[in-house]
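K.L.:
Below is a structure I'd like to ask you about.
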Amino acid sequence: MKINKEGYHIIAFSGVVCALCWWLIYHLLVSNERGSLLWTSAVLLLLFWFFIVAFFREPRRVRIHDADLVFAPCDGRVVVTELVGENEYLGQEMLQISIFMSVTNIHMNWVPVAGEVEYFKHHHGRFLVAWHPKSSTENERTTTVVRMDDGRKVLFRQVAGLIARRIVSYMKPGERVEQNSVCGFIKFGSRVDVLVPKDSELLVEIGDPTVGSQTPIVRLHKA
């Protein structure tokens, strides 16, 4: 299993903390209590550490290219499909698809379309639960707008959740990005919003599972 680079420090730090916790338990227990409690604590601490390691797993996936399709930017489940007024940059009504990631999902993020990064901004904010309607505009988040070769624009947001405290984005304004290339990582439970032209054909429904970079969520109409 390959581990994403964003997890190296957290995995190392959590490993040290688990080892110290076990050492403290070992020295605090009296001799006649050590047997079963030491084994139990060791197993629980190892399970916790393996969970941290597994959270940062990095899957190998085929990179798909289709200029008429918008792909899911993350693993998870669709929680929103609605028309919204986008006021941060595009200033128009857009179709929004939001995907919630639980702590058991892969938390890598992928670029849903190919083109040039026209806009990027990191917003500091709150840490409401990721499925809260206000999380898209009030939570810690990043906003990226990709202008496709035919002029169509797609916006996507990485949104922090109640547990997530760090969003990593590799996007830079002016750079060229390929469809379904890795664009970032969100640590511990969150969501990603994708906003597309409102006349696009929706391919998913609320409750549908998605696989990042593999599941088409929208078919764009010709520009």
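The values are calculated or read from the model by the stated rules, or taken from the named source; none is laboratory data. The structure presented is a predicted model; accordingly, all values stated were derived computationally and were not measured. For neighbour counting, all protein chains shown are included, and Cβ atoms are generated from backbone atoms with ideal geometry for every residue, glycine included. Note: areas computed on protein heavy atoms with side chains; ligands, DNA, RNA excluded. Shrake-Rupley method; radii C 1.70, N 1.55, O 1.52, S 1.80 Å.
K.L.:
Taking a quarter of the surface of the convex hull around the Cα atoms of region 1-81, what do you get in nm²? Before the final figure, lay out each step's value.
P.N.:
On the way: hull surface 34.1 nm².
Mean orientational projected area (region 1-81, Cα hull): 8.5 nm².
K.L.:
What is the distance in Å between the Cα centres of region 170-223 and region 71-117?
P.N.:
Their Cα centres are 5 Å away from one another.
K.L.:
Can you give me the pair-distance distribution of the chain, C-alpha pairs, 5 Å bins, whole percents?
P.N.:
Answer for the chain: a P(r) of 1, 7, 14, 17, 18, 14, 8, 6, 5, 4, 3, 2, 1, 0, 0, 0 percent.
K.L.:
What is the extension gain from residue 201 to residue 149, computed as 0.36 nm multiplied by their sequence separation minus the C-alpha to C-alpha distance, in nm to one decimal? Intermediate values should be presented prior to the final figure.
P.N.:
Values: separation 52, 0.36 × 52 = 18.72 nm, distance 1.95 nm.
Contour length minus Cα-Cα distance gives 16.8 nm.
K.L.:
Here is a further query. 7 Å from Cα along Cα→Cβ at both residue 121 and residue 5: what's the point-to-point distance in nm?
P.N.:
2.8
K.L.:
What's the extension gain from residue 43 to residue 219 if we count 0.36 nm per residue and subtract their Cα-Cα distance? Working shown, then result.
P.N.:
On the way: separation 176, 0.36 × 176 = 63.36 nm, distance 4.77 nm.
Stretched fully, the residue 43-residue 219 segment lengthens by 58.6 nm.
K.L.:
Roughly speaking, to the nearest percent, how much of the chain's 1.4 Å accessible area is carbon and sulfur?
P.N.:
Working: 6880 of 11400 Å².
Taking all protein chains in place, the chain shows 60 percent carbon and sulfur surface.
K.L.:
Another question, if that's okay. Net charge around residue 3, counting only other residues with Cβ within less than 14 Å of its Cβ (Lys, Arg = +1; Asp, Glu = -1)? Please report the intermediate quantities before stating the final value.
P.N.:
Working: positive: 2, 5, 57, 60, 187; negative: 6, 58.
Local net charge: +3.
K.L.:
Using a basic spin-label model with each label point 7 Å from the Cα along Cα→Cβ, how many nm lie between residue 54 and residue 211?
P.N.:
So the two model labels end up 1.9 nm from each other.
K.L.:
Report the local net charge at residue 51: Lys and Arg +1, Asp and Glu -1, summed over other residues whose C-beta lies under 15 Å from its C-beta.
P.N.:
Values: positive: 57, 187; negative: none.
Computed value for this residue: +2.
K.L.:
Hey, can you find the accessible area per residue of the chain for me, probe 1.4 Å, expressed in square angstrom? Before the final figure, lay out the partial values.
P.N.:
Details: 11400 Å² over 223 residues.
Solvent-accessible surface per residue comes out at 51 Å².
K.L.:
Gaussian network model of the chain, Cα springs within a sub-10 Å range: biggest mean-square fluctuation belongs to which of 17, 103, 78?
P.N.:
Between 17, 103, 78, it is 17 that shows the largest mean-square fluctuation.
K.L.:
Taking a quarter of the surface of the convex hull around the Cα atoms of region 143-223, what do you get in nm²? List each step's numbers first, then the result.
P.N.:
On the way: hull surface 24.2 nm².
Across all orientations, region 143-223 yields a mean hull projection of 6.0 nm².
K.L.:
If R₀ is 41 angstrom, what is the calculated FRET efficiency for the pair residue 65 and residue 17, using the beta carbon separation as r and rounding to 0.05? Let's see the in-between values first.
P.N.:
Details: r = 43 Å, r/R0 = 1.04.
Efficiency, rounded to the nearest 0.05: 0.45.
K.L.:
Rounded to the nearest 0.05, what FRET efficiency is calculated for residue 87 and residue 36 with R0 set to 45 Å and r the Cβ-Cβ distance?
P.N.:
Values: r = 60 Å, r/R0 = 1.32.
Efficiency, rounded to the nearest 0.05: 0.15.
K.L.:
Once phi is turned into ³J(HN,Hα) by the Karplus curve 6.51 cos²θ - 1.76 cosθ + 1.60 with θ = phi - 60°, what whole-Hz value does each residue of region 55-64 show in order, with x for glycine and proline?
P.N.:
The phi angles translate into 4, 9, 5, 10, x, 9, 9, 6, 8, 9 Hz.
K.L.:
Moving on to the next point. Please list the non-local residues whose amide H lies under 5 Å from the amide H of residue 118, H modeled 1.01 Å from N, same-chain partners needing a gap of 5 or more.
P.N.:
Distant-sequence amide H within range of residue 118: 145, 146, 147, 174.
K.L.:
At a 10 angstrom cut-off on C-beta neighbours, averaged per residue, how do the peptides 175-187, 107-119 rank from highest to lowest?
P.N.:
107-119, 175-187
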